[in-house]
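Below: one structure, written as structure tokens.
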Amino acid sequence: MDFLTSLVNSMPGAVAQGLIWGIMAIGVYITYRILDVADLTVDGSLGTGGAVCVVLVLNGVPVGVALVAATLVGMLAGLVTGLFHTACGIPAILAGILTQLALYSINLRIMGQANRPVNALQYDLLIAQRDVRTLGLTNPIFICAVFVIVIIALLYWFFGTELGSSLRATGANLSMARAQGINTNFTKVLGLMVSNGLVALSSALLAQYQGFADVNMGR
């Protein structure tokens with residue numbers, strides 16, 4: 001009976017974190033399954049998104065702007081990896097490792113230390129762990145579910161467009177995609193940017209939920 005009680009009590013927090021990590025999984029899915037690229041940049045961009053979001057919030061930036069900034073910085077990390085791979089001819093997995101290692105130092109530089117806390121009582125955060133059992137629109141489960149639904153809807157629309165189809169074709173058959181006139185280097189870079197942008201967004205939400213950003217979040 002105690003086990004069932006403990007299980008029920010842990011469910012809201014587990015669901016909220018599952019939705020947050022689900023956004024990260026969608027980003028990883030884009031590179032590993034759709035684009036067929038082994039991208040290890042996510043180990044670094046996962047920490048970068050949280051670091052950027054927390055530091056901006058601590059400096060008085062609205063949380064919505066902080067989320068957008070974290071997403072853009074994650075996309076920038078994906079752009080660097082993409083350029084390493086396409087412009088410099090570095091294998092995709094090595095390009096991801098290079099960016100990941102660089103991001104570890106960058107994340108330390110952004111936060112100024114290995115860990116930066118952010119208190120939901122002092123700052124106006126979008127989600128907070130203390131609200132996970134409340135019945136209302138501030139519940140992290142509801143907010144994260146909205147994020148997941150919107151992201152899935154946008155990606156479903158995007159992959160149905162000509163550009164999205166080109167990205168899928170690049171992952172399905174690189175040689176055939178090139179034969180059809182698709183700029184596969186561009187689609188690879190685009191896929192890496194979208195992937196790492198979603199990972200950074202997930203990290204920004206996670207940092208708010210748990211109340212801190214840590215340099216080892218992606219490790």
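The values are calculated or read from the model by the stated rules, or taken from the named source; none is laboratory data. All values reported here derive from a predicted model rather than from experimental measurement. Heads up, the Cβs are rebuilt from the backbone with ideal geometry, glycines too, and the neighbour counts pull from every protein chain shown. For accessibility, only protein heavy atoms count, side chains too; no ligands or nucleic acids. Shrake-Rupley method; radii C 1.70, N 1.55, O 1.52, S 1.80 Å.
Distance between the pseudo-spin-label points of LEU83 and ALA120 (7 Å out from Cα toward the beta carbon): 3.9 nm. In this label model, ILE90 and ILE152 are separated by 3.6 nm, measuring between points 7 Å along each Cα→Cβ vector. Ordered from longest to shortest, the equivalent ellipsoid semi-axes for the chain are 32, 21, 15 Å, each the square root of 5 times a Cα gyration tensor eigenvalue. Computed from the C-beta positions of ASN183 and ALA14, the FRET efficiency with R₀ = 45 Å rounds to 0.60. Only protein heavy atoms count here; under a 1.4 Å probe, VAL150 has an accessible surface of about 70 Å². Between ALA38 and LEU135, the FRET efficiency estimated from the beta carbon spacing at R0 = 35 angstrom works out to 0.25.
The long axis of helix 184-210 is offset from the longest Cα principal axis of the chain by roughly 10 degrees.
Can you classify the range 90-137 as rounded, prolate or oblate using the Cα gyration tensor, where a ≥ b ≥ c are the square roots of its eigenvalues, rounded means a/c under 1.5, and otherwise it's prolate if a/b beats b/c and oblate if not? It comes out oblate by the Cα gyration axes. Sorting ASP131, ASP36 on solvent-accessible area from highest to lowest, probe radius 1.4 Å, gives ASP36, ASP131. Note on the chain: with a GNM built from Cα contacts shorter than 10 Å, the maximum mean-square fluctuation among TYR104, TYR123, TYR209 falls on TYR123.
Between TYR29 and VAL68, take the C-beta separation as r, use R0 = 22 Å, and let me know the FRET efficiency to the nearest 0.05.
On the way: r = 22 Å, r/R0 = 1.01.
So, using R0 = 22 Å, E works out to roughly 0.50.
Per-residue accessible area (protein heavy atoms, 1.4 Å probe) orders PHE158, PHE212 as PHE212, PHE158, starting from the largest.
With a cut-off of 8 Å between alpha carbons and a minimum separation of six or more residues, what is the relative contact order of the range 55-158 in percent? Walk me through the numbers on the way to the answer.
Values: 46 pairs, mean separation 22.7, N = 104.
Relative contact order, the range 55-158: 22 percent.
Dipole magnitude for the chain: computed about the Cα centre from +1 point charges on Lys and Arg Cβ and -1 point charges on Asp and Glu Cβ, it is near 200 debye. For the range 119-213, relative contact order (Cα pairs under 8 Å, six or more residues apart, normalised by length) works out to 33 percent. Where is the GNM fluctuation largest for the chain (alpha-carbon springs, 10 angstrom cutoff): GLY112, GLY181, GLY50? In this elastic network of the chain, the residue with the biggest mean-square fluctuation among GLY112, GLY181, GLY50 is GLY181. Please check: in the Gaussian network model of the chain (C-alpha springs, under 10 Å), which one of ALA204, ALA172, ALA145 has the largest mean-square fluctuation. Of ALA204, ALA172, ALA145, the Gaussian network model singles out ALA172 as fluctuating most. Using a probe of 1.4 Å on the protein chains alone, the accessible area found for PHE84 is around 70 Å². What is the chain's relative contact order, in percent, from Cα pairs under 8 angstrom and six or more apart in sequence? In percent, rounded to a whole number, it is 43. Label-to-label distance, TRP21 versus ASN173, with points set 7 angstrom from Cα along the beta-carbon direction: 3.7 nm. Just the protein heavy atoms count here, and of the accessible area of the range 56-142 at 1.4 Å, carbon and sulfur take up 67 percent.
Shape class of the range 123-204 from the Cα gyration tensor (axes a ≥ b ≥ c, square roots of the eigenvalues): prolate, since a/c reaches 1.5 or more and a/b is larger than b/c. How far, in degrees from 0 to 90, does helix 2-29 lean away from the longest principal axis of the Cα atoms of the chain, to the nearest 10? The angle comes out near 30 degrees.
Accessible area per residue (1.4 Å probe, heavy atoms of protein chains only) ranks VAL199, VAL15 as VAL15, VAL199, with the largest value leading.
Annotation: per residue accessible area for the range 12-53 equals 32 Å², rounded to a whole number [probe 1.4 Å, protein chains only].
Taking the longest Cα principal axis of the chain as reference, the axis of helix 42-58 is set at about 50 degrees.
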